[in-house]
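Below: one structure, written as structure tokens.
Derivation of every value follows stated rules applied to the coordinates shown; laboratory data play no part. Nothing here was measured: the structure is a model prediction, and the numbers come from that model. With ideal geometry, Cβ positions are generated from the backbone for all residues, glycine too; neighbour counts draw on all protein chains shown.
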Amino acid sequence: MAITENEIRIRFAPPATDENRTAIKERLAAAAQEFALLVHELVPGSREESEAIFAVEQALWCAQAGVDRRYVPRGERKPVLAGSKPAPLPVPAGAGEAT
């Protein structure tokens with residue numbers, strides 16, 4: 001599937017800096033730092049240690065980007081993209097059957 005202009009706008013939008021997002025990103029960064037320090041402590045200095053710490057860094061980047069791009073505060077509704085239809089609600093098993 002081709003990337004749409006809207007997806008490009010989302011990917012390259014400036015980071016949001018409201019208090020909720022900042023708090024979430026700080027928690028993610030603290031957890032990632034703790035894990036990276038644990039890897040540094042327990043894994044002998046090697047390429048594998050470096051790769052593991054880089055993977056933690058990448059995971060943090062992705063998680064923080066997800067918060068910037070997709071986070072919707074409680075009580076707010078995520079805007080529906082123009083031209084898209086909302087996903088249908090799931091039908092419970094047995095719904096519509098005669099009893």
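Structural remarks
- Computed lengthening from V43 to Q58, 0.36 nm per intervening residue step minus Cα-Cα distance: 3.5 nm
- Note on S50/A29: beta-carbon distance plugged into 1/(1 + (r/R0)^6) with R0 of 22 Å gives a FRET efficiency of 0.70.
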